[in-house]
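The values are calculated or read from the model by the stated rules, or taken from the named source; none is laboratory data. Just so you know, these numbers come straight off a predicted model, no measurement behind them. Cβ: placed from backbone, ideal geometry, glycine included. Neighbour counts: every protein chain shown. For the accessible areas, the whole protein counts, side chains as well, though only heavy atoms, and no ligand, DNA or RNA atoms are used. Shrake-Rupley method; radii C 1.70, N 1.55, O 1.52, S 1.80 Å.
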Amino acid sequence: AQTVTQSQPEMSVQEAETVTLSCTYDTSESDYYLFWYKQPPSRQMILVIRQEAYKQQNATENRFSVNFQKAAKSFSLKISDSQLGDAAMYFCAYTENSGYALNFGKGTSLLVTP
Amino acid sequence: DTAVSQTPKYLVTQMGNDKSIKCEQNLGHDTMYWYKQDSKKFLKIMFSYNNKELIINETVPNRFSPKSPDKAHLNLHINSLELGDSAVYFCASSPGLAGLNEQFFGPGTRLTVL
């Protein structure tokens, strides 16, 4: 079974600074997909970024970027120029190429201070 | 227009009761999901349906029975509710496979069993 590990239960960052959230996963598959989801206090799940394992290029979405290290099975999220609205739970998720469900990590709670 | 809607948003009930949560998506997606988020915020897949066919039943007690009357609806019926069923239940949908396509989540239903 695939497992996703987020080793940082909580992180804190000052406004305008950069923060990196860690995620590692375990799989024997070569083709798979990785995601970061954001869950603000409203509890709505919002897709932040998606990475295909076969792509070596790291995905970016505006201030959000990932560092995907396939050999190390690592998938970290970097948030640049942090804003107060970035405060939320962040979940790393995995699915295999033919998967019909996301396997989530336990989440990292991000606090953004003024 | 709400893409994925769930009713009710909050549900408080007594142990032993039977309750249902309804989910509807107006995105024309083929695949729908139920996830459970426990008190520690851990999100876990319960069921996946593709074209009204059950694809994943992730070791969920038989007291939980999903029903998909058509591709736009996936309801969750729970019999003989237990204290441990208290959680937030999320419905989601996607055009197909979980990796190739973004999953759109509903707002969640917070179930409290007393």
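Sort out which residues of segment B:3-56 are among the small types (Gly, Ala, Ser), closer than 17 Å to residue B:97 by Cα and touching a Phe, Trp or Tyr at 6+ places or on another chain (Cβ under 9 Å), and write them in order of number. Answer for segment B:3-56, where residues must be among the small types (Gly, Ala, Ser), closer than 17 Å to residue B:97 by Cα and touching a Phe, Trp or Tyr at 6+ places or on another chain (Cβ under 9 Å): just B:48. Taking the criterion of being open to solvent by less than 70 Å² (accessible area, probe 1.4 Å) and more than 10 Å from every other protein chain (Cβ to nearest Cβ), the residues of segment B:49-66 that qualify are B:60, B:61, B:63, B:64, B:65, B:66.
For segment A:21-60, the set of residues classified as more than 12 Å from chain B (Cβ to nearest Cβ), open to solvent by 60 Å² or more (accessible area, probe 1.4 Å) and part of a strand (DSSP E or B) consists of A:24, A:26, A:60, listed by residue number.
Counting the residues of segment A:61-76 that are farther than 20 Å from residue A:5 by Cβ, open to solvent by 60 Å² or more (accessible area, probe 1.4 Å) and in a strand (DSSP E or B) gives 1. Of all the criteria given as (1) more than 14 Å from chain A (Cβ to nearest Cβ); (2) under 18 Å from residue B:54 (Cβ atoms); (3) among the hydrophobic types (A, V, I, L, M, F, W, C), the one not satisfied by residue B:91 is (1).
Residue count for segment A:90-113 satisfying the condition of being open to solvent by 30 Å² or more (accessible area, probe 1.4 Å) and under 13 Å from the mean Cα position of the chain (by Cα): 3. In summary, strands (runs of 3 or more DSSP E) completely within segment B:45-114 and bearing 3 or more residues that are modelled with pLDDT of 95 or more and touching a strand residue (DSSP E or B) at 6+ places or on another chain (Cβ under 8 Å) occur at B:73-78, B:87-94, B:109-113.
The test for being modelled with pLDDT of 95 or more and either within 12 Å of chain B (Cβ to nearest Cβ) or closer than 21 Å to residue B:105 by Cα (or both) does not hold for residue A:16.
Whenever a residue of segment B:99-114 is hydroxyl-bearing (Ser, Thr, Tyr), its partners that are assigned to a loop (DSSP other than H, G, I, E, B), lying with C-beta atoms within less than 8 angstrom and at least six residues away or across chains, give the pairs B:109/B:8; B:109/B:9; B:112/B:86.
Give segment B:69-106 a look and list any residue that's closer than 28 Å to residue A:32 by Cβ and under 11 Å from the mean Cα position of the chain (by Cα), or say none. Hits for segment B:69-106 are B:74, B:76, B:88, B:89, B:90, B:91, B:92, B:93, B:105, B:106.
The residues of segment B:67-86 that are surrounded by fewer than 22 Cβ atoms within 10 Å (Cβ to Cβ) and within 14 Å of chain A (Cβ to nearest Cβ) amount to a single one, B:68. Restricting segment A:77-87 to residues that are among the aliphatic types (A, V, I, L, M) and either touching a helix residue (DSSP H, G or I) at 6+ places or on another chain (Cβ under 9 Å) or open to solvent by 10 Å² or more (accessible area, probe 1.4 Å) (or both), the residue that is nearest to the other protein chains (Cβ to nearest Cβ) is A:87.
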